[in-house]
Each structure stands twice: as C-alpha cells, then as structure tokens.
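The values are calculated or read from the model by the stated rules, or taken from the named source; none is laboratory data. Everything quoted here is computed from the prediction, not taken from an experiment. Please note: Cβ atoms are built from the backbone with ideal geometry, for glycine as well, and neighbour counts cover all protein chains shown.
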Amino acid sequence: MKDTAIKKLIAAETARQKKVTNLIASENYVSKDVLEALGSALTNKYAEGYPGKRYYGGNVIIDKVESLAMDRALKLFSLSPEKWHVNVQPLSGSPANIAVYLGLVPQGGKIMGMSLDHGGHLTHGHRVSGSGKFWLQVPFGVDKTTELLDYANLKEIAMREKPAIIVAGFTAYPRVIDFKKFRDIADACGAYLMVDMSHFAGLVAGRAYPTPFEYADIVTTTVHKTLRGPRSAMIFARIDARELDKKIDRAVFPGMQGGPHENQIAAVAVALREASTPAFRSYATQVKKNATALANELSKLGWRVISGGTDSHLVLIDTWMEGKKTATGRGAVTGKEASDRLEKAGIIVNKNAIPYDARPPADPSGIRIGSAAETTRGKKEKDFVAIAQKIDKILTRQS
Ligand code: DSN
C-alpha cells in the first residue's frame with residue numbers, strides 16, 4: 001500500500017486486535033478469505049437492482065456472486081427457495097431493520113419492540129432512531145424479578161396496542177427466546193412477526209440456539225457477529241400471498257439504498273460457506289459453553305449475573321449492585337468504570353444498561369460480555385474461567 005499513513009493505522013489496529021482479550025458480544029474475527037473478498041475488484045461495480053434485473057450493464061458475473069450468496073443463505077438455515085426469499089443487499093443491521101418497516105408498516109404505525117435498557121436495539125423503535133421517528137414504538141421489557149421475557153405480559157400489551165409488527169431478537173438478552181409464543185401473540189393481535197437474530201445467527205446456523213424460521217414472517221440478521229462474516233446484513237422473507245418478499249426487495253432498493261456493495265456480498269457468501277461446515281457447528285457449541293463457563297465463574301465469585309445465566313454467547317453482569325459492596329467486596333463499580341478498568345488491563349467489553357437500570361445510559365449499572373470472538377481464537381471453558389477470575393480481580397481491586 002502506497003498510503004503509509006493508512007497502512008500504519010491498519011497495522012496498528014490489527015496488532016491491537018491481536019493483543020487484547022476481545023469480549024465485545026457483537027464482534028468477531030473473520031477469515032483471510034472473507035477479507036480477500038472484501039478487498040476485491042467487485043467494489044468497482046455498480047449493480048442497482050437484483051440478479052437478472054439490473055439498471056447497469058456488465059453485471060453478468062456480479063449476478064452470479066449475488067445469486068450464490070442468496071443460495072448459500074437459504075441452504076445454511078435449511079430453507080426451501082419456494083417458501084423463503086432472502087435479500088443480501090442491506091449494508092448493515094440498522095438499514096435492514098428500517099427497510100422491513102418501510103416495506104411493511106405504514107408511516108406512524110406501531111412497532112412493538114423491546115426497550116433499549118432491557119436489551120432491545122435502537123432500531124426496534126427507540127425514539128432516537130429513525131424507527132422511532134417515522135413509526136411509534138410500543139415498548140416491552142423483561143420481568144423485574146426473573147429478568148426473563150414475560151409472555152403473558154407481552155400478550156396483554158400486544159392485544160391492547162395492536163402493533164403492526166412485533167420484533168423478537170435482542171442485543172443484550174442472554175436467554176433463549178420462545179419463538180412459538182411470539183408467533184401466537186402476533187397471530188392473536190394480527191401483527192407480523194419479525195425476528196432480528198443478529199446476535200445469535202451463528203448459533204442458529206451451528207444448531208446451538210432455536211431457529212426462528214418455523215415461526216417468523218421476516219428474519220433479519222447482521223453477518224458480522226456470531227456468524228463471523230463481514231459487516232453486512234440479510235433479510236429473509238416468507239413467500240406467500242402477502243408478497244412480503246416483493247415488498248422487502250422494493251424497500252431495500254430503491255426504497256433505502258442505491259447500488260449494493262457486491263464485494264461485501266461476495267464476502268458474505270464466503271462466510272456463509274464457512275458457517276455451513278462441521279467445524280463451524282463445533283465452534284457454535286463452544287461459544288455457548290464458553291459463555292456459560294464465564295457466567296458460572298463470575299456468579300460463583302459473587303457477581304450478579306442478569307437472569308442468573310446465559311443460553312447464548314452473551315452474559316450481562318450487574319457490576320453496580322445498587323451501589324453497595326457485598327461482604328466479599330463485589331459491587332459498587334459502575335458499568336463505565338468497569339469497562340475502563342478492564343480496558344486498561346487489555347480486556348475489552350462494553351458498558352451496558354441492565355433491566356430497570358436506575359443509572360444513565362452513559363454510565364449504566366453493568367457490562368455485556370460475549371464469547372464469540374475469543375472462541376474463534378481457540379479459547380475453551382478453562383480459558384473463560386481464567387478470564388472471569390481476571391475480571392473479578394480487576395473489578396475488586398481498590399481504584
Ligand atoms: N452494536 C451492536 C451490538 O453491539 O449489539 C448492535 O447494533
């Protein structure tokens with residue numbers, strides 16, 4: 001590379017990524033093949049439209065790339081092309097979710113989504129996101145005592161508010177989601193059921209988490225979290241008389257985006273092939289085992305693990321514990337302080353609100369920890385137990 005300034009920065013960031021213990025629940029390390037596809041000549045091509053229906057000439061090869069990515073996406077999740085359509089053009093998760101609302105929910109219509117502080121995502125209708133400016137959020141949360149989804153309460157809200165769409169699938173909810181119960185609620189109130197599986201898509205692909213496809217109308221996902229691909233997203237739509245597939249395609253292009261990033265789509269195709277291997281299945285199982293080992297150890301050491309544990313790749317820890325230190329010296333560390341102290345010691349996490357958090361989002365009561373990235377680097381349960389002990393030591397040290 002002739003640009004030495006950027007070359008140095010890339011080298012420095014690559015070195016940083018190698019040096020730290022990366023516990024950001026939404027990050028991962030992609031393969032060299034994924035990077036190669038991302039950095040390919042495919043970035044030079046404009047391809048507005050869809051395979052076989054482009055607005056520019058010269059797309060014969062690009063059509064093959066995009067079609068291959070679509071085929072692989074359907075195969076990975078065992079979906080029949082007669083029953084499911086996939087759009088692989090969304091640039092990332094937020095535009096994918098907005099495109100779904102654009103296609104299916106009239107402006108001002110109701111999106112029933114989990115509140116941000118309970119583990120939902122900004123694009124599930126939060127007021128600072130476009131999803132809360134052009135549509136209206138009907139928020140729901142978890143039960144205060146169990147910190148689990150309370151489906152009876154969800155049904156009550158849905159029947160009262162009659163949302164146009166219900167969003168299941170969250171960014172900081174560590175437990176399995178009962179998709180059938182969500183389906184029943186959506187049917188009872190006449191809403192579409194959208195599952196945003198961005199966080200756990202890799203676990204679904206690796207058969208380590210329940211699949212949402214049996215019950216959802218629409219499934220969105222990013223590709224760069226547990227699925228271990230490039231930054232990108234996909235929208236799956238059930239094919240039936242409602243023509244969701246056509247509505248979604250029109251919403252992505254021309255509704256939201258112009259030319260798709262075909263280098264990114266090629267990298268998605270590479271990642272999807274990698275995710276279909278037996279090695280990836282073992283990876284997904286290990287991701288879950290590692291998160292459980294970490295949650296158990298932190299709990300044993302005296303930290304409050306939200307909902308009592310995890311069924312996925314992520315663990316939410318209450319580091320603040322209402323501002324009181326226990327007899328063993330755990331607690332009274334804010335999420336920001338915890339994250340800052342850990343970063344100084346080379347452990348990267350993110351500060352995170354916990355359900356019913358009394359503290360502000362900029363300095364909430366907890367941290368979110370994920371196992372996907374370090375599992376890619378070969379870590380096993382014993383390593384995660386050691387990481388938990390290191391975290392404990394750093395957070396109990398007098399500051
Ligand atoms: N930023 C992602 C996460 O960390 O969960 C969601 O967009």
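Numbers for the structure displayed
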{"read-out": "Close pairs from the range 1-28: first modelled with pLDDT of 95 or more, partner aromatic (Phe, Trp, Tyr), Cβ under 9 Å, at least 6 apart", "value": "17/29; 22/29"}
{"read-out": "Residue match in the range 248-255 (condition: within 16 Å of the ligand (Cβ to nearest atom) and at pLDDT 95 or above)", "value": "no"}
{"read-out": "Neighbours by Cβ (under 8 Å, 6+ apart or cross-chain): first from the range 145-160, within 17 Å of residue 356 (Cα to Cα); second of a type in the set (Gly, Ala, Ser)", "value": "146/307; 147/307; 147/308; 148/307"}
{"read-out": "Residue in the range 19-30 that is surrounded by 19 or more Cβ atoms within 10 Å (Cβ to Cβ), within 16 Å of the ligand (Cβ to nearest atom), small (Gly, Ala, Ser) and not in a helix (DSSP H, G or I) present", "value": "yes"}
{"read-out": "Test result for residue 88, crowded, with 20+ Cβ neighbours inside 10 Å, closer than 30 Å to residue 387 by Cβ, at pLDDT 95 or above and in contact with a Pro (Cβ under 9 Å, 6 or more places away or on another chain)", "value": "no"}
{"read-out": "Selection from the range 299-319 of residues that are surrounded by fewer than 24 Cβ atoms within 10 Å (Cβ to Cβ) and either under 17 Å from residue 352 (Cα atoms) or polar (S, T, N, Q) (or both)", "value": "299, 304, 305, 307, 308, 309, 318"}
{"read-out": "Output for the range 132-150, where each listed residue is outside any loop (DSSP other than H, G, I, E, B), within 16 Å of residue 169 (Cα to Cα) and not hydrophobic (A, V, I, L, M, F, W, C)", "value": "137, 139"}
{"read-out": "Residue, nearest to residue 202 (Cα to Cα), within the range 151-171, restricted to residues that are of a type in the set (Val, Ile, Thr) and either outside any helix (DSSP H, G or I) or at pLDDT below 95 (or both)", "value": "171"}
{"read-out": "Within the range 189-277, helices (runs of 4 or more DSSP H) holding 2 or more residues that are of a type in the set (Val, Ile, Thr), touching a residue at least 60 places away in the same chain (Cβ under 8 Å) and surrounded by 23 or more Cβ atoms within 10 Å (Cβ to Cβ)", "value": "262-275"}
{"read-out": "Criterion (of a type in the set (A, V, I, L, M) and within 16 Å of the ligand (Cβ to nearest atom)) met by exactly one of 86, 105, 128, 138", "value": "128"}
{"read-out": "Evaluation of residue 128 against (1) touching a Ser or Thr at 6+ places or on another chain (Cβ under 9 Å); (2) farther than 22 Å from residue 25 by Cα; (3) assigned to a loop (DSSP other than H, G, I, E, B) (one fails), failing number", "value": "(1)"}
{"read-out": "Leading residue by the ranking (farthest from the ligand (Cβ to nearest atom)) among those in the range 108-125 that are within 18 Å of the chain's Cα centre (by Cα) and on the phi > 0 side of the Ramachandran plot", "value": "125"}
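To keep it simple, each residue is scored yes or no on (1) within 16 Å of the ligand (Cβ to nearest atom); (2) without any contact (Cβ under 8 Å) to a residue 40 or more places away in the chain; (3) not in a loop (DSSP other than H, G, I, E, B).
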site: 315; (1), (2), (3): yes, no, yes
site: 326; (1), (2), (3): no, yes, no
site: 331; (1), (2), (3): no, yes, no
site: 356; (1), (2), (3): no, no, no
site: 359; (1), (2), (3): no, yes, no
site: 378; (1), (2), (3): no, yes, no
site: 391; (1), (2), (3): no, no, yes
site: 394; (1), (2), (3): no, no, yes
